[in-house]
1. Give the value in nm², to one decimal: projected area of the alpha carbon convex hull of the chain, averaged over all directions.
2. Of 71, 140, 156, which is the most mobile in a GNM of the chain whose springs link Cα atoms less than 10 angstrom apart?
3. Tell me the mean residue ellipticity at 222 nm calculated for the chain from its helices only (DSSP H runs of n ≥ 4, each -39500 (n - 2.57), averaged over every residue, nearest 500).
4. Give me the aspartates and glutamates in straight-line cross-link reach of residue 232: C-alpha distance below 12 Å, same-chain residues under 8 apart excluded.
5. Give the aspartates and glutamates reachable from residue 327 as a straight Cα distance under 16 Å; neighbours fewer than 8 places away on the same chain don't count.
6. Given the chain, what percent of its DSSP beta bridges are antiparallel, to the nearest 5?
7. Arrange the peptides 214-225, 358-369, 82-93 so that the one whose residues have, on average, the most other Cβ atoms within 10 Å appears first.
8. Taking 8 Å as the Cα distance limit and 6 or more residues as the minimum spacing, I'd like the relative contact order of the chain as a percentage.
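Here, each number is a calculation from the coordinates, and none is a lab measurement. Nothing here was measured: the structure is a model prediction, and the numbers come from that model. Cβ coordinates were reconstructed from backbone atoms using ideal geometry, including for glycine residues, and neighbour counts include every protein chain displayed.
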Amino acid sequence: AAAGPRCAGCGIAVQAENKGALGYVPKAALERSPLVCQRCFRMKHYNEASSVTPDQGEFLRLLNGVGGTDSLVVHIVDIYDFEGSLIGGLQRFVGANPVVLVVNKIDLLPPGINPNRIRNWVQQRAKEEGLRTVEVLLVSAKRGTGFERLAETLESHRRGRDVYIVGATNVGKSSLVNRLISDYSDLDAEVTVSSYPGTTLDLIHIPLDDEASVIDTPGIVYDTRLTERVPKAYLDMIVPNKPVKPATYQLDAEQTLYFGALARFDFVEGAHQSFTCYVSPSLTIHRTKLARADALYADHAGELLQPPTKEDLASMPPLTKHRFRIKPGEEVDLYISGLGWIRANGKSGAIVDVHAPKGVKTIMRPALI
Ligand code: GDP
């Protein structure tokens, strides 16, 4: 088959005999140019046709099916939006199947951070969310970091079984699966992989060998993430594309920070202390007095305070307030899903208010960094 025609999508030798086998092209399509195998054709086709994403209920039903299989589950999360991208209750769905937690976008963390600390933090947080993992791996699909280790880990835990890939939207699932497949499988060229957010709930099967496949599931949409609540054009502004530069503010009580008009942080009560913001550098941080904060927003949201623009602000949920009490000695982040987090550095405790668009997950968590 070496000299025969090959698929322009994945490079495999095409054949028109066996519908179930790799490289199948219907006889009628053999003359097409470019010549694409049916599997790649479908992925491409669905990818283009899809604008609708399966709702949570459908997704969970699909996930439920995984519990009935004997497989290895790979859950991809985004380190920049960990709590927003972790699938709550995954354990219930996957049953006894082992879970490898793959933490992507590790390149976004500031340089010089001890990976062991991050790994322990992730393990601990996952445990608190009720998820048992056989392994936590830190990777960057963008840079290719951690993939050798990932391939080894999958091979050792897979033991001939299928690998199910699950994750929320935008965690880098497509990028990761694509890289994994091209490193991993026998296919000559990079496979056309899509995250397949279609109306159809079919899974994408990508053969690993004669028996087992990597099975890519559609990305689950969580509207508790700011990234799902802003107009798409803002994603480049709120999601950093290079390591976040921590910005430290020395604050007195009754001072406020605005993050564009997307979020607000009030230091309500406590001794003078510093707070470090881990947010995208494209987001302007504006400092003001708490007493003036409401008026500033009323007069300047969408102008001096942006993003978003006034027009887009109208389409977003209003800011709502979450109060947190930081105990003396506690090391915590105030985290806004999709936006980033604020690390409290004081040792003497504080009361803070975090304002975020209604519905966006806003929590206090053990400090990541
Ligand atoms: P999916 O929706 O989960 O399939 O995610 P995609 O693969 O489409 O990636 C979503 C966004 O995250 C894109 O803008 C990618 O460029 C970006 N992305 C994916 N992997 C990484 C990574 O390792 N680091 C960074 N900084 N960005 C990434």
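1. On the way: hull surface 79.7 nm².
With the hull built on Cα positions only, its mean projection is 19.9 nm².
2. Among 71, 140, 156, the largest GNM mean-square fluctuation belongs to 156.
3. Working: 10 runs with 90 residues, N = 369.
Computed ellipticity for the chain at 222 nm equals -7000 deg cm²/dmol.
4. Counting by Cα, and skipping residues close in sequence, residue 232 has these aspartates and glutamates nearby: 312.
5. 269, 353
6. On the way: 49 of 71 bridges.
Counting DSSP beta bridges with both partners in the chain, the antiparallel share is about 70 percent.
7. Values: 214-225: 21.1, 358-369: 17.5, 82-93: 19.3.
The peptides rank, most packed first, as 214-225, 82-93, 358-369.
8. Values: 757 pairs, mean separation 55.8, N = 369.
Normalised by residue count, the contact order of the chain is 15 percent.
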